[in-house]
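The values are calculated or read from the model by the stated rules, or taken from the named source; none is laboratory data. As the structure is a prediction and not an experimental result, all values here were calculated from the model. With ideal geometry, Cβ positions are generated from the backbone for all residues, glycine too; neighbour counts draw on all protein chains shown.
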Amino acid sequence: MRIHADHQSYRKKPYVARWYEGTRQRNKFFASAAARDGFIGQFKQTAQRADPAFPTIEPHQLMRWQQAMVIAPEADPIEVFKFWATEQRKLRQLGERHLREAAAAYIQSMERVGRNHSYIGHVRRALADLEAEFGNRLVRDFTAEEIRDYLFGLPYGAITIKNKRTYYQGAFSWWDQQGWLFLNPMKRVESPQIQDKEPEILTVAQTRQLFRANEKVDPEICGLLALGAFAGMRSSAIARIDYAEIDFAQRGILTPAEKTKKKRRQWIEDLPDNLWAWLKKTPPQAFEMTHRQMLHRRAQAFKRAGLLVEADDIARENAKRDRKGLPPLDLKPKCPPKNALRHSFVTHHVALHRNPGKTALIVSHRDQDCLYRHYLGIANQKDGDKYFKIFPRR
C-alpha cells in the first residue's frame with residue numbers, strides 16, 4: 001500500500017499524508033511536516049510487517065483499535081467481539097418494535113383479558129403522552145434515566161406521577177415478556193413517595209342534613225346514598241347493583257364477580273340497621289338508573305343539603321337577582337370531599353366498633369392496616385353511635 005506526502009497551504013493543518021484503501025482515498029492532516037513524515041514512516045513500517053497469512057488491518061482500523069484500547073486496556077479483544085456478535089444476534093431477533101405498534105399490541109392484550117375499560121383508557125392516554133414526548137421510537141431504546149427524568153419533570157403531584165409510572169411499568173413488563181426489550185427500564189425507575197392525607201368525611205350533622213333534605217323530595221336517591229354512607233360501597237358499584245342482589249331476609253348484599261373492581265364475588269353482611277331502614281323505603285326502580293343519572297341525582301341531593309354549590313349555580317342566581325335589582329350573593333363554590341360517603345362510613349364504623357378488621361371485611365380491604373393508619377381516631381365512639389342512628393322519619 002502506497003502513501004505519499006502532500007501540502008495544502010489553505011488548510012489550518014496544511015501537511016497531508018494520503019493513501020488509498022482499494023479505490024477509496026484516505027487523508028490525515030498535520031500541523032507540521034515533521035509530524036506528517038513521522039506518521040508516514042510508521043505507516044510504511046506497519047505495511048512492511050504485514051503477514052499475508054493474517055487478515056490485513058488497514059491503518060484507519062488500527063487507529064480505531066488503539067482508541068478502543070484507551071477506553072478499556074484490560075479488555076480481552078476476543079471477549080469483546082463475542083459480546084458484540086451476541087448483541088447483534090439479539091437485535092436481529094428483537095426486530096424493530098416501535099412505540100406506536102407496541103402500545104397498540106399492549107392495549108389489545110388488555111382488552112382480550114377483560115381489563116377494566118376505564119383503566120385501559122388511562123393507559124392509552126399515558127402511552128400517547130410518552131409518544132408525544134419521545135416520538136415513535138423503538139421500545140428497546142428507552143432508558144431508565146430518560147423515563148425517570150420525564151416522569152419526575154411532569155407538573156403533577158406525586159399520586160399522578162405514581163399512577164403514570166404504574167401504567168408504564170405494566171406496558172414495559174408486557175413488552176419484556178414478548179421479547180421486545182434487552183432490559184426493562186422501568187425496573188430502575190423508583191416510585192415517588194406519597195404523603196398520606198387524612199381522609200375528609202361528612203360529619204354526623206352533615207350526613208343527617210343530606211338525608212333529611214332529600215327523603216321526601218327524592219326517596220330513590222336516598223336509598224342509593226345509604227349504600228355509600230351506611231355500607232361503604234363505591235359509587236361505581238352502587239350504579240351496577242340490581243335490586244334482586246339485596247337480600248332483605250339474610251340482611252346481606254351480593255355483588256357478582258363481573259361487577260366488582262377486583263373481579264371477585266363479594267357478599268357483605270352484618271350491616272347496620274339504619275341501612276336496611278333506608279333500603280326498605282327505596283323503590284325498586286331506583287336501581288334502574290344509569291351511572292350518569294345516579295351522579296346527577298346525587299349532585300342535586302348534595303345541593304339541597306347545602307353541601308354542593310357550583311359556580312354555575314351562583315352565576316344563574318346572581319343573574320336573576322340582577323334582573324330584580326337585588327345585590328349579588330356573597331357565595332363561593334364548595335363541594336363535598338371526594339368519596340365522602342365511603343370514607344364517612346369507614347371512619348364512623350371503626351369509631352363505633354373499635355374493630356378495623358370487621359370494617360375491612362365489609363369494604364373489601366385486603367387487611368386492616370390501612371384502616372388503622374388512615375381512619376382510626378378521626379371520629380370518636382359517640383359520633384359513630386350517632387351516625388348509625390340516622391334513620392328515616394316515619
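Only residues that are surrounded by fewer than 20 Cβ atoms within 10 Å (Cβ to Cβ), of a type in the set (A, V, I, L, M, F, W, C) and assigned to a helix (DSSP H, G or I): list them for the stretch 152-175, please.
Those that are surrounded by fewer than 20 Cβ atoms within 10 Å (Cβ to Cβ), of a type in the set (A, V, I, L, M, F, W, C) and assigned to a helix (DSSP H, G or I): 152, 158, 159, 161, 174.
Take residue 213 and decide whether it is assigned by TED's automatic domain parsing to the domain that holds residue 288 and within 32 Å of the chain's Cα centre (by Cα).
no
Being in contact with an Asp or Glu (Cβ under 6 Å, 6 or more places away or on another chain), on the phi < 0 side of the Ramachandran plot and buried (at least 17 other Cβ atoms within 10 Å of the Cβ), is that true of even one residue in the stretch 198-213?
yes
Scan the stretch 216-262 for residues that are within 27 Å of the chain's Cα centre (by Cα) and closer than 22 Å to residue 346 by Cβ and report the count.
From the stretch 216-262, those within 27 Å of the chain's Cα centre (by Cα) are 228, 232-240, 257-262; that's our starting set.
Then drop every residue that is not closer than 22 Å to residue 346 by Cβ, which leaves 228, 232-240, 259-262.
Going through the stretch 216-262 one residue at a time, the tally reaches 14.
Within the stretch 335-342, does at least one residue satisfy the condition of being modelled with pLDDT under 95, surrounded by 15 or more Cβ atoms within 10 Å (Cβ to Cβ), more than 26 Å from residue 246 (Cα to Cα) and touching a helix residue (DSSP H, G or I) at 6+ places or on another chain (Cβ under 9 Å)?
Yes, because at least one residue in the stretch 335-342 is modelled with pLDDT under 95, surrounded by 15 or more Cβ atoms within 10 Å (Cβ to Cβ), more than 26 Å from residue 246 (Cα to Cα) and touching a helix residue (DSSP H, G or I) at 6+ places or on another chain (Cβ under 9 Å).
Only residues that are under 17 Å from residue 34 (Cα atoms) and either free of Cβ contacts under 8 Å to residues at least 12 places away in the same chain or assigned to a loop (DSSP other than H, G, I, E, B) (or both): list them for the stretch 8-19, please.
8, 9, 11, 12, 13, 14
Would you confirm whether any residue within the stretch 323-337 is assigned to a loop (DSSP other than H, G, I, E, B), touching a residue at least 60 places away in the same chain (Cβ under 8 Å), farther than 18 Å from residue 231 by Cα and of a type in the set (A, V, I, L, M)?
Residues of the stretch 323-337 that are assigned to a loop (DSSP other than H, G, I, E, B), as a first pass: 324-333, 335-337.
Filter once more, keeping what is touching a residue at least 60 places away in the same chain (Cβ under 8 Å): 336-337.
Next, only the ones that are farther than 18 Å from residue 231 by Cα stay: 336.
Among the residues that remain, those that are also of a type in the set (A, V, I, L, M) are: none.
No, every residue in the stretch 323-337 fails to be assigned to a loop (DSSP other than H, G, I, E, B), touching a residue at least 60 places away in the same chain (Cβ under 8 Å), farther than 18 Å from residue 231 by Cα and of a type in the set (A, V, I, L, M).
Looking only at the stretch 59-108, count how many residues are modelled with pLDDT of 85 or more, of a type in the set (A, V, I, L, M) and touching a helix residue (DSSP H, G or I) at 6+ places or on another chain (Cβ under 7 Å).
Residues meeting the conditions: 4.
Looking for whichever is assigned to a helix (DSSP H, G or I), out of contact with any helix residue (DSSP H, G or I) (no Cβ under 9 Å at 6 or more places or on another chain) and modelled with pLDDT of 90 or more here; the options are 249, 277, 286, 299. Which one fits? Before the answer, list the steps.
Details: 249 fails: assigned to a helix (DSSP H, G or I); 277 fails: out of contact with any helix residue (DSSP H, G or I) (no Cβ under 9 Å at 6 or more places or on another chain); 286 fails: out of contact with any helix residue (DSSP H, G or I) (no Cβ under 9 Å at 6 or more places or on another chain).
None of the other options fit; the residue is 299.
Just to be sure I understand, how many residues within the stretch 110-119 are surrounded by 15 or more Cβ atoms within 10 Å (Cβ to Cβ) and in a helix (DSSP H, G or I)? Break it down into steps so the answer makes sense when it comes.
Looking only at the stretch 110-119, we keep the residues that are surrounded by 15 or more Cβ atoms within 10 Å (Cβ to Cβ), and these are 110, 115.
Those still in the list that are in a helix (DSSP H, G or I) too: 110.
Of the residues in the stretch 110-119, 1 are surrounded by 15 or more Cβ atoms within 10 Å (Cβ to Cβ) and in a helix (DSSP H, G or I).
For every residue, the table says whether it meets (1) outside the structural domain of residue 211 (by TED's automatic domain parsing); (2) surrounded by fewer than 17 Cβ atoms within 10 Å (Cβ to Cβ); (3) closer than 25 Å to residue 381 by Cβ; (4) within 29 Å of the chain's Cα centre (by Cα).
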position	(1), (2), (3), (4)
278	no, no, yes, no
283	no, yes, no, no
290	no, yes, no, yes
299	no, yes, no, yes
317	no, yes, no, no
322	no, yes, no, no
325	no, yes, no, no
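Does residue 139 satisfy being out of contact with any Cys (no Cβ under 9 Å at 6 or more places or on another chain) and either surrounded by 12 or more Cβ atoms within 10 Å (Cβ to Cβ) or over 26 Å from residue 258 (Cα atoms) (or both)? So that I can check it myself, show each step before the final result.
Details: out of contact with any Cys (no Cβ under 9 Å at 6 or more places or on another chain): yes; either surrounded by 12 or more Cβ atoms within 10 Å (Cβ to Cβ) or over 26 Å from residue 258 (Cα atoms) (or both): yes.
Yes.
Just to be sure, is residue 374 at pLDDT below 85, closer than 12 Å to residue 199 by Cβ and touching a Pro at 6+ places or on another chain (Cβ under 9 Å)?
Taking the combined requirement at face value, the residue satisfies it.
Do we have any residue at all in the stretch 72-88 that's in the same structural domain as residue 171 (by TED's automatic domain parsing), at negative phi, part of a loop (DSSP other than H, G, I, E, B) and surrounded by 11 or more Cβ atoms within 10 Å (Cβ to Cβ)?
No, every residue in the stretch 72-88 fails to be in the same structural domain as residue 171 (by TED's automatic domain parsing), at negative phi, part of a loop (DSSP other than H, G, I, E, B) and surrounded by 11 or more Cβ atoms within 10 Å (Cβ to Cβ).
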